[in-house]
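The values are calculated or read from the model by the stated rules, or taken from the named source; none is laboratory data. All values reported here derive from a predicted model rather than from experimental measurement. Glycine also receives a Cβ, built like all others from the backbone with ideal geometry; neighbour counts cover every protein chain displayed. Side chains are part of the model used for accessible areas, which takes the heavy atoms of the whole protein and leaves out ligands, DNA and RNA. Shrake-Rupley method; radii C 1.70, N 1.55, O 1.52, S 1.80 Å.
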Amino acid sequence: MDLGVRWKLHGDGRTPAPGAVVRPDERLSWPRTVGLGAQHVVAMFGASFVAPVLMGLDPNLAIMMSGVATVIFLLATKGRVPSYLGCSLSFVGVAAVIRAQGGTSATVTGAVFVVGVVLFLVGVAVQRFGARIIHAAMPPIVTGAVVMLIGFNLAPVTASTYWPQDQWTALLVMLFTGLAVVCLRGFWSRVAIFLGLLFGYGISWLFDQVFGKIHSVDGGGHMTDHWRLDLSGVGKADWIGLPTFHGPSFQWSAILVALPVVIALVAENAGHVKAVGEMTGSNLDDKLGTAISADGVASMLSTAVGGPPNTTYSENIGVMAATRVYSTAAYWCAAGFALLFGLCPKFGAIVAAIPGGVLGGITVILYGMIGLLGAQIWTKSQVDLRNPLNLVPAAAGIIIGIGNVSLKFTDTFSISGIALGTLVVITGYHALRALAPAHLKTQEPLLDEGTSSYDENAEGAEGAGGTGAPRTP
């Protein structure tokens with residue numbers, strides 16, 4: 001059985017020839033491959049370590065399970081789709097809503113486990129019937145609106161939880177990170193979030209030395225005098241040890257909040273597969289369903305032991321584009337590094353000690369970027385917002401999601417925010433489409449302009465490649 005774990009040496013194993021690329025089934029020398037693996041882990045440090053902290057989950061377990069998830073993905077796709085699976089930021093808002101409703105970490109992971117199951121089933125359906133089923137249920141206007149409301153629903157978390165802990169540090173970190181994203185080039189621009197975290201650590205330490213303790217709300221929401229950077233937990237943490245595991249707990253109210261994220265994950269996977277196919281010159285259309293299913297299985301496994309869900313990362317696409325090395329051997333090395341980091345509690349303690357003000361500055365940019373990915377989907381798919389069939393359901397759903405509007409059915413059951421907004425977008429669009437006059441019904445591409453070839457080919461046939469866009473997590 002071909003599992004994609006055999007690689008032939010590319011050229012002399014040192015540097016790709018001008019214009020050449022190192023394909024997924026090739027590799028450079030092992031020292032260079034190991035170095036590239038470490039580079040991929042660093043590339044996803046920022047967002048993938050911020051996410052579990054924001055979700056209230058163990059960062060050590062998050063990085064360990066990201067390594068396991070990457071191995072599952074590589075085996076499932078038989079080494080044809082180079083990718084690293086990191087903690088998905090799409091669930092940060094879900095976790096915040098569930099915790100605000102009194103949910104625990106087990107409730108969060110239980111809800112996300114169900115999302116993993118649904119994502120796996122979507123992948124199986126795509127393998128069996130083709131992506132036409134996605135096209136029918138989630139045209140770009142729906143997908144973009146759901147991604148947008150998921151991101152912008154997070155705005156109150158930044159405004160009320162992180163920014164007030166240290167507004168001046170938050171402002172400086174926001175400015176530095178923005179400059180890093182825009183002004184740096186190549187690999188350094190891909191790790192701008194990570195650089196912003198390092199800058200925030202340094203500024204917080206400097207302000208503690210110069211100004212002493214700050215009088216503001218702490219992580220628990222209590223007004224008190226406290227150090228901006230508290231590393232006491234780092235000194236107490238062991239160098240080697242297992243992360244904290246826990247089982248999931250299932251509540252319908254939490255599951256309903258989490259389910260809409262399936263739409264965002266399907267869009268992310270489709271864009272990732274198409275982007276990798278374009279860069280490697282390979283037709284990966286037949287691997288879309290497999291990639292989605294593998295993502296679902298990896299998330300199920302991670303959340304079953306108390307970790308966060310996982311998804312593909314565009315930071316790693318950026319590293320591949322910059323180095324022109326698409327070898328899956330590098331991703332196996334990256335998975336190995338992740339497993340080692342997960343076994344170091346001291347490393348997790350450093351991540352958990354990120355000051356609130358630093359998170360405030362990072363999340364202002366990060367959450368906004370998540371929301372604007374919805375607009376990117378609309379732009380790439382040329383969605384016409386002058387058409388009321390597109391405009392009305394998207395407008396209503398986004399405002400419901402951002403404003404956290406609630407619909408109460410009984411004293412014990414209601415839906416609000418992300419769940420209600422998604423429901424309004426999906427049901428509203430399809431109901432209006434069924435009733436709309438013919439001139440308002442225009443055929444739209446699937447998720448992004450490059451995936452429409454799925455509908456044009458018979459099952460199992462090789463379709464024409466298209467363009468895909470890497471996403472920001």
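Here is how the numbers come out for the structure above:
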| item | result |
| --- | --- |
| Residue among VAL92, VAL117, VAL126, VAL108 that alone is modelled with pLDDT of 85 or more and crowded, with 24+ Cβ neighbours inside 10 Å | VAL108 |
| Cβ pairs under 9 Å, 6+ apart, first in the range 150-168 and touching a residue at least 12 places away in the same chain (Cβ under 8 Å) and under 14 Å from ARG99 (Cβ atoms), second open to solvent by less than 60 Å² (accessible area, probe 1.4 Å) and in a loop (DSSP other than H, G, I, E, B) | THR161/GLY221 |
| Only listed residue being open to solvent by 10 Å² or more (accessible area, probe 1.4 Å), assigned to a helix (DSSP H, G or I) and in contact (Cβ under 8 Å) with a residue 40 or more places away in the chain, chosen from ARG99, ARG80 | ARG99 |
| Any chance GLY11 is outside any helix (DSSP H, G or I) and either open to solvent by 20 Å² or more (accessible area, probe 1.4 Å) or more than 22 Å from LEU339 (Cα to Cα) (or both) | yes |
| Hey, THR442 polar (S, T, N, Q), open to solvent by less than 20 Å² (accessible area, probe 1.4 Å), modelled with pLDDT under 90 and within 24 Å of PHE129 (Cβ to Cβ) or not | no |
| The one condition in (1) within 22 Å of CYS344 (Cα to Cα); (2) assigned to a helix (DSSP H, G or I) that PHE207 fails to fulfil | (1) |
| Selection from the range 370-403 of residues that are polar (S, T, N, Q), open to solvent by less than 30 Å² (accessible area, probe 1.4 Å) and outside any helix (DSSP H, G or I) | ASN387 |
| Test: residue in the range 119-134 that is without any contact (Cβ under 8 Å) to a residue 60 or more places away in the chain, part of a helix (DSSP H, G or I) and among the β-branched types (Val, Ile, Thr) | yes |
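This table checks each residue for (1) open to solvent by less than 20 Å² (accessible area, probe 1.4 Å); (2) at pLDDT 90 or above; (3) more than 27 Å from LEU372 (Cα to Cα); (4) of a type in the set (Phe, Trp, Tyr).
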site	(1), (2), (3), (4)
PRO260	yes, no, no, no
VAL276	yes, no, no, no
MET279	no, no, no, no
ILE292	yes, yes, no, no
ASP295	yes, yes, no, no
SER302	yes, yes, yes, no
